[in-house]
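*Asks:* This is the structure, below, for whatever I ask next.
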Amino acid sequence: SQLAEENSWALSVHEGESVTVNCSYKTSITALQWYRQKSGKGPAQLILIRSNEREKRNGRLRATLDTSSQSSSLSITATRCEDTAVYFCATDAGTGGYKVVFGSGTRLLVSP
Amino acid sequence: DAGVTQTPRHEVAEKGQTIILKCEPVSGHNDLFWYRQTKIQGLELLSYFRSKSLMEDGGAFKDRFKAEMLNSSFSTLKIQPTEPKDSAVYLCASSSDRGGAETLYFGSGTRLTVL
């Protein structure tokens, strides 16, 4: 079973709407990361939130972390067509930071 | 600054062949990762190097997969012999150790098709 897992396989929104991707994980972590992967490219980090942080923002992106429920969310406001991608959460799987394990991803489609 | 460079972008191999995938990490990064990505299994860690030392050798991937860091700026992943089930995208990523949380910088990957 996955050590980190997004809760939705796919989401679809219209441009301008907000969307939230959720993630749950199974071990104690040093940090949780959110990555985005566009077609034909490797994943690119969006936000890294450490275990002692509860919220992190990056422009239109907001990530939250709840270590008590071992869950995280990534919210995107004012979505754009170029936000269409696969979104992954990733954790260090309790290894002290070095081994990054990815969830299977949530496919987000933003349509005009 | 140059990002992670992977070559080739596409590779087609016959079953039983040996293939070598190449990766140049971001200059100055001392951690390097090889992942395999498929629709079914997602991103699976194959190998992990820290300062050229192999830290993770891929468990179930050990028998036919061998990753090497020839120097701090070049790594290879050899698959020998290839099987059709090896068809996937192989991603290389590098990172600078920030003491407890790795930000991975990925290349665009090599898409391998084994016939």
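The values are calculated or read from the model by the stated rules, or taken from the named source; none is laboratory data. A quick note: this is a predicted structure, and the numbers were derived from the prediction, not measured. Using ideal geometry, Cβ is built from the backbone for each residue, glycine included, and neighbour counts are taken over all protein chains shown. All accessible areas refer to the heavy atoms of the entire protein, side chains included, with ligands and DNA or RNA removed. Shrake-Rupley method; radii C 1.70, N 1.55, O 1.52, S 1.80 Å.
*Asks:* Rounded to the nearest 10 Å², what accessible area does B:THR76 have for a 1.4 Å probe in the complete protein model?
*Replies:* 20
*Asks:* Excluding B:LEU45 itself, what net charge comes from residues whose Cβ is under 9 Å from its Cβ, given Lys and Arg +1 and Asp and Glu -1?
*Replies:* Taking every other residue near B:LEU45 into account, the sum is 0.
*Asks:* Reachable lysines from B:LYS66, Cα under 30 Å, same-chain residues fewer than 8 places away excluded?
*Replies:* A:LYS26, A:LYS38, A:LYS41, A:LYS99, B:LYS15, B:LYS22, B:LYS39, B:LYS52, B:LYS78, B:LYS85
*Asks:* In chain B, if the dipole is taken from +1 on Lys/Arg beta carbons and -1 on Asp/Glu beta carbons about the Cα centre, which of B:CYS23, B:THR113, B:SER94 is farthest to the positive end?
*Replies:* B:THR113
*Asks:* While we're looking at this one, here's another question. If you plug each phi of the stretch A:18-32 into the Karplus form 6.51 cos²θ - 1.76 cosθ + 1.60 with θ = phi - 60°, what whole-Hz ³J(HN,Hα) values come out, in order, with x for Gly and Pro?
*Replies:* Here the 3J(HN,Hα) series is 9, 8, 10, 10, 10, 9, 10, 9, 10, 10, 5, 10, 8, 7, 10 Hz.
*Asks:* Write out the cysteines belonging to the protein assembly as shown for which the nearest other cysteine Cβ is not under 4.7 Å, or none if no such cysteine exists.
*Replies:* By the Cβ distance rule, which asks for a partner under 4.7 Å, the isolated cysteines are A:CYS81.
*Asks:* If you add up the charges near B:THR7, with Lys and Arg at +1 and Asp and Glu at -1, over every other residue whose beta carbon is less than 13 angstrom from its beta carbon, what do you get?
*Replies:* Taking every other residue near B:THR7 into account, the sum is +1.
*Asks:* Right, next: Using a Förster distance of 22 Å, how high is the FRET efficiency between A:SER8 and A:LYS38, based on the Cβ-Cβ distance and rounded to 0.05?
*Replies:* E(calc), rounded to 0.05, equals 0.75.
*Asks:* Let me ask something else about it. Quick check: net charge around A:VAL21, other residues with Cβ under 14 Å of its Cβ, Lys/Arg +1 and Asp/Glu -1?
*Replies:* 0
*Asks:* Let me ask something else. Out of residues 5 or more away from B:LEU46 or on other chains, whose amide H comes under 5 Å of its own, with H placed 1.01 Å from N in the peptide plane?
*Replies:* Here the answer is B:TRP34, B:TYR35, B:ARG36, since their amide H atoms fall under 5 Å of that of B:LEU46.
*Asks:* Now a separate question. Grab the eigenvalues of the alpha-carbon gyration tensor for chain B, scale each by 5, take roots, and send me the semi-axes largest first in whole angstrom.
*Replies:* Ellipsoid half-lengths, sorted descending, are 23, 14, 13 Å.
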